[in-house]
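Heads up, the thing below is written out as C-alpha cells.
Read the figures in this text as sums done on the coordinates, not as results from a lab. Keep in mind that what you see is a predicted model, and the values were worked out from it rather than measured. Don't worry about glycine lacking a Cβ; one is built from the backbone with ideal geometry, like all the others, and counts go over all protein chains shown.
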Amino acid sequence: MQIEIEIAKHNNEKLAVFFLDIDRFKLINDIHGHQTGDLILLELTKRLKNILNNREMIARMGGDDFIGILPQIQNHKHDIPEITQRLTKIFDKPFIIKDNRFILTASIGISFYPDDSIHEETLLRNADTAMYKAKEEAGTSFQLYNNNMNLQVNKKLYMEQNLRRAIQNKELRVYYQPIVDIKTGKIKKAEALVRWEHPTEGLISPGKFIPLAEETGLIVPLGEYVLKEACLQAQAWIDQDYQPIEISVNLSAQQFHKSNLTETVKDILAETGLDPKLLGLEITESLAMENIELTCSILEDFKKMNVKILLDDFGTGYSSLSYLTKFAVDIIKIDRSFISNFHNNSKRSAIVSAIIAMANKLTMKTVAEGVENWEEIKFLNDYKCDEAQGYLFSKPVPAKDFEDLLKQKIEFKAQA
C-alpha cells in the first residue's frame, strides 16, 4: 500500500481505500457452519477480483473483512459513484452455496489519500471507521469518511464501556407491562422489558443501547440478566401471595442460536424456583424462519420443559403458514402495526380477524400488541382475541408500580 501512496503522491493523484464487512456473517457461521461460511468468502473473493482492474488490489484482513486499494482517482464526483456501484453490485445476486440461497448485504467504508490522511495506518483506520458508520444503514451501504465520524466512534466506544459496566454493576432495570385477559379485564401476564438507568445520564432508551448490545455481543449477558431478574420477580410475587403472573421475556437472535440456550433457561428456572409453566420466551417471526430445523428442535426442547413460546411481531415477517404448524408455538402476538386504528381500516381488520381465526384453529392463544383505545378492545373481543397489551392499560413500569396494579386488583374491562 505504501508503494501506491508514493505513486499517487508523485502523480498528484488521489487514492481510495475501502473496508468491506459482510453484515451478520457470524450468524451464518453459527447456523450453517464454518464450511459454508468459508465457501461464501471464496465466492465473494472471486466476485471482488472480477470487478477490479490490474492496478486495483483486494486482500482479506481476516474473518469476513476485506480491504481494497483503488489508485488513480482523479475526480471525487466522477469516480466515487463508479466505485460504489461496482462494490455494491456484487451483492445484487444471491450467493448459492450447497443448494442454499444467501441474500447478503455488506457495509463499506471508504477513505481517500491525501484528503483523509497521508499515512497508510490512518487511511485504514479511517476506512474502518466509515465502515462501522455504514452498518447503521439498512441493506448494502457505504460511507465516505469524514472527521465527525471519529467523534461518533468515540461516543459509541464510551457507550459500550458504560454498558459493560452497567451489566456488571446491575444498573439495568427490568420493567413490566401488563397483558390483560380481554374477557375478564384482569392482568394475567406481563412482558419483561429492560431499561438502563445511567447514574449520570438518567434513563436511556432501549432504542439506543439494544442495537449496541447486539453489535458488540453484550446482548447475550444482558438477555440472561433480564431472564433471571424476571424469573426472580415472578417468584417473589408468588411468595408475597399475589396471583401467579406469567412472565414473558424476549430472546435475541444471538441468544437463540447459542448452543447452551436450553441449559441456561433450565439453570435459571432451577435457581429461581419458578414453575416453567409461568415462563414464556418471545421470538420474532423472522428469527424463527432463519433456520427451520434448528427452530423446531429448540422449540420442542422448550415444550418438553413446559416453557411457553410466543411468536412476536406476527404478520411482519416472511413465514410460510405451513411452517407455523411445525413450530411448538403457544401464543401469537399480533404486531402493533395491524392493531393501530384497525377497527377503522377494513384491510387491517381483515388481517387481524384472519390471524385470530387461524390461531384458534391451531389451538394457539393470541395477544394484540399496542392497544390504545376501548374501540380496539371491543373489536378484538368480537374477533375472539384472548389477550391485549398496550398503553391503554399501562406503559412498562418498575416492579413496585406493577405490584400496585396487582394490589388494587384493577380490572380493565370495556363497557358493553
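Side notes on the structure shown:
- Computed lengthening from Glu215 to Glu13, 0.36 nm per intervening residue step minus Cα-Cα distance: 69.1 nm
- Sparsely packed GluC sites (Glu not before Pro) within segment 1-105, loop by DSSP, other Cβ within 10 Å at most 15: Glu13
- Remark: the Cα gyration tensor places segment 136-197 in the oblate category, a/c being 1.5 or greater and a/b not exceeding b/c.
- Potential extension, Ala357-Ile103 segment - 0.36 nm per residue separation minus Cα distance: 88.1 nm
- Fewest neighbouring Cβ atoms within 10 Å first, the residues Ser205, Ser286, Ser117 line up as Ser205, Ser286, Ser117.
- Within the chain, DSSP assigns beta bridges of which about 60% are antiparallel (rounded to the nearest 5).
- Leu42 versus Asn148: modelled label distance in nm, points set 7 Å from Cα along the beta carbon direction: 4.4 nm
- Tensor-based shape of segment 2-146 (alpha-carbon gyration tensor, a/c under 1.5 rounded, otherwise prolate or oblate): prolate
- Around Ile179: net Lys/Arg minus Asp/Glu count, Cβ-Cβ under 10 Å: -3
- Degrees, to the nearest 10: 206-216 long Cα axis against longest axis of the chain: 50 degrees
- Shape category assigned to segment 120-248 from the gyration tensor of Cα positions, a/c cut at 1.5: prolate
- GNM top mover of Thr216, Thr272, Thr284 - the chain, alpha-carbon springs below 10 Å: Thr216
- Spin-label model distance (nm) - Leu392 vs Ser286, 7 Å beyond Cα toward Cβ: 2.7 nm
- Electrostatic bookkeeping for Ala106 treats Lys and Arg as +1 and Asp and Glu as -1; over the other residues with beta carbon under 12 Å from its beta carbon, the sum is -2.
- Taking amide hydrogens as placed 1.01 Å from N in the peptide plane, the amide H of Thr284 sits under 5 Å from those of Asp312, each at least 5 positions away in sequence or on another chain.
- Taking segment 157-408 and dividing mean pair separation by its residue count, relative contact order in percent (alpha carbons under 8 Å, at least six apart): 19 percent
- Burial ordering of Trp374, Trp196, Trp237, fewest other beta-carbon atoms within 10 Å first: Trp374, Trp237, Trp196
- Ranking of His257, His343 by neighbouring Cβ atoms within 10 Å, starting from the fewest: His343, His257.
- Percent antiparallel among DSSP beta bridges (both partners in segment 2-146, rounded to 5): 85 percent
- Residue among Asn50, Leu310, His119 farthest towards the positive dipole end of the chain, charges placed on Cβ: Leu310
- For Asp382 and Glu136, the difference between the fully extended length at 0.36 nm per residue and the C-alpha to C-alpha distance is 84.4 nm.
- Rough spin-label spacing in nm, given labels placed 7 Å along Cα→Cβ, for Leu294 and Leu157: 3.2 nm
- Between 0 and 90 degrees, the angle of helix 148-169 with respect to the longest Cα principal axis of the chain falls at about 40 degrees.
- Per-peptide packing, taken as the mean over residues of other Cβ atoms within 10 Å, places 404-413, 125-134 in the sequence 125-134, 404-413 from highest down.
- Thr184/Met57 FRET efficiency (R0 45 Å; Cβ-Cβ; nearest 0.05): 0.05
- The chain, helix-only ellipticity at 222 nm - DSSP H runs n ≥ 4, -39,500 (n - 2.57), divided by all residues, nearest 500: -14500 deg cm²/dmol
- The Cβ shell under 10 Å around Glu411 holds other residues with a net charge of +2, Lys and Arg each +1, Asp and Glu each -1.
- The angle between the Cα long axis of helix 346-361 and the longest principal axis of the Cα atoms of the chain comes to about 70 degrees, rounded to the nearest 10.
- Cβ charges +1 (Lys, Arg) and -1 (Asp, Glu), total dipole of segment 109-195, debye: 1020 debye
- Calculated log10 I(q)/I(0) by the Debye sum over Cα atoms at q = 0.08, 0.09, 0.11 Å⁻¹ (choose from (1) -0.56, -0.69, -0.94; (2) -0.63, -0.71, -0.87; (3) -0.46, -0.59, -0.89), label: (1)
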